Amino acid sequence: MKMEQQERLFKDDELIKWITDITDAEIAEVHKKSLVPFYDQLFVEGHGSYLKDSTGKEYLDCTSQAWTCNIGFANPDVAFAVSEQLKRLTHVRYGFPTIPRVKFIHKLASITPGNLKKIAVNAMGGGAAIEAALRLAMINKPDAEHFYTFTRGYHGSSLATMTLSTRFAGVTRFRPWGLDRVSKIPFPYCYRCPMGQESEKTCHLECLELAKQMIEYGSVDKVCGILMEPLQAPGGHIPAPERYLKELQHFTRENDIFLIFDESQVFTRIGYWFSSDYYDGVVPDITCLTKAVGGGLPMGVTIARDDLTGFNAAEEHTTFGANPLMFVSGLVFLNYIEKADLLKNTREQGDYLTSKLKQLQKKYDVIGDIRCPGLFIGVELVKDPETKEPANALCSDLIEEATNQGVIFGHSAPISSDTGKLFRNVLKIKPPLIITHEDSDHIITVFESALEEAIDYM
Ligand SMILES: Cc1ncc(COP(=O)(O)O)c(C=O)c1O
């Protein structure tokens, strides 16, 4: 007996039919059988920055489908390499290295900032990477189990990562687990300063001073780490000021507290590999990636300082965590970004789009704030630039109208309070990093036309 390929059971066209043929009745009926709600469009194909739905309509997708397909949909190099791997080996148990796993770890470690050189990868995504980061922090500071996170933050939808995230009051219908282990501090949201400051010139980082007081004197337990999105994404697209991060890093180092970054959405999208490359000299102790890093396949990554003690086999493992296909896809992703010089394109297209949006801001006073960098663009819509009352309905209407016109924009997460306040007024422009100048012009044309339509509904 020796190793040989199994016989095929199905013909090519039979298998292709399964994945390309569908009736309207099948689409309608599936809603009754699904535990989760679905959007209206059923996408059947995607190439470059465009998606096609089952009616044949094409869309320029400025969400990159949950900010993930940064090198385009059905990237041909990923498709080729993954299908070659598919023919060779599709699954191994967690502890086994494979050629793509070894190559991916070396490649990623060659671009990580500072001494962030120890890597663990999972096949589930960001929440799993963040939970691994917390476990690693607790292994390295065994007497401390309390963590601080930020208002408006989002770190996942598992029972533990929901605790770390903002509470979606009135949206989710249960309490997550581990609430006694997490406290929140205010995010430095300068457009709506939590300390009431109106200008950067008069700001003395009062929000950070408050956070330090809370941590030093108000903690219910010994503090292990502070988890932060350095550029907050779902909660409103808010980059923290560099001086805030520098001061926070100094505080965590002085107090032997781990600084853990969640860079799920920003890796490559900001026009730099890591936020540390953008915020000069701010390097966390542990950072977490997901979304784009898998080249379109599921992946989450936890990266730690090389002097930290790693996991034992029981502390970090999952059935699918060593999936060779995702490592191939991730490896192609990292090399593709480099070879196509996509970080440069991201900065150029991002600057162009942002400058065009700033011109529109002079014309439409509902555009309250425009935030970047790179193709991590958020447009905060307000009813009045003085009161800054969030224009939630305008934002939804604009997104709906733009979708009708063939451009998909993203929506910020619903930041809600028990007193009935709701912020869902940040429109996100986060297309694949491969967009061209013509795509950018098209995005701006549709944005303005949809904005005018949406203002008419007001
Ligand atoms: C900033 C951030 N962190 C964590 C996550 C959770 O990632 P996942 O959904 O892969 O668990 C997300 C997902 O949207 C995210 O945007």
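Details
- Of all residues making up the range 260-290, the number that are part of a helix (DSSP H, G or I), within 14 Å of the ligand (Cβ to nearest atom) and over 13 Å from Q249 (Cβ atoms): 0
- Considering the range 291-346, and only residues there that are among the small types (G, A, S) and not in a loop (DSSP other than H, G, I, E, B), the residue that is farthest from L227 (Cα to Cα) turns out to be S329.
- Selected residue (only one of E198, E229 is modelled with pLDDT of 95 or more and of a type in the set (D, E, K, R)): E229
- Test: residue in the range 183-194 that is more than 21 Å from A137 (Cβ to Cβ), outside the structural domain of F423 (by TED's automatic domain parsing), among the aliphatic types (A, V, I, L, M) and not in a helix (DSSP H, G or I): no
- Residue check, Y191 aromatic (F, W, Y), crowded, with 21+ Cβ neighbours inside 10 Å and either within 26 Å of the chain's Cα centre (by Cα) or within 16 Å of the ligand (Cβ to nearest atom) (or both): no
- The range 103-124: number of residues that are within 16 Å of the ligand (Cβ to nearest atom) and surrounded by 24 or more Cβ atoms within 10 Å (Cβ to Cβ): 2
- Which listed residue is closer than 23 Å to T319 by Cβ and crowded, with 20+ Cβ neighbours inside 10 Å, from L136, L60, L86: L136
- Residue among G420, G406, G374 that is surrounded by 18 or more Cβ atoms within 10 Å (Cβ to Cβ) and on the phi > 0 side of the Ramachandran plot: G374
- Condition check for P176: in a loop (DSSP other than H, G, I, E, B), within 14 Å of the ligand (Cβ to nearest atom) and without any contact (Cβ under 8 Å) to a residue 24 or more places away in the chain: yes
- Only one of the listed residues (T166, T172) is in the same structural domain as I270 (by TED's automatic domain parsing), surrounded by fewer than 18 Cβ atoms within 10 Å (Cβ to Cβ) and under 20 Å from S264 (Cβ atoms). That residue is T172.
The values are calculated or read from the model by the stated rules, or taken from the named source; none is laboratory data. Treat the numbers as computed from the prediction; the structure is a model and nothing was measured. All Cβ positions, even for glycine, are placed from backbone atoms using ideal geometry, and neighbour counts span all protein chains on display.
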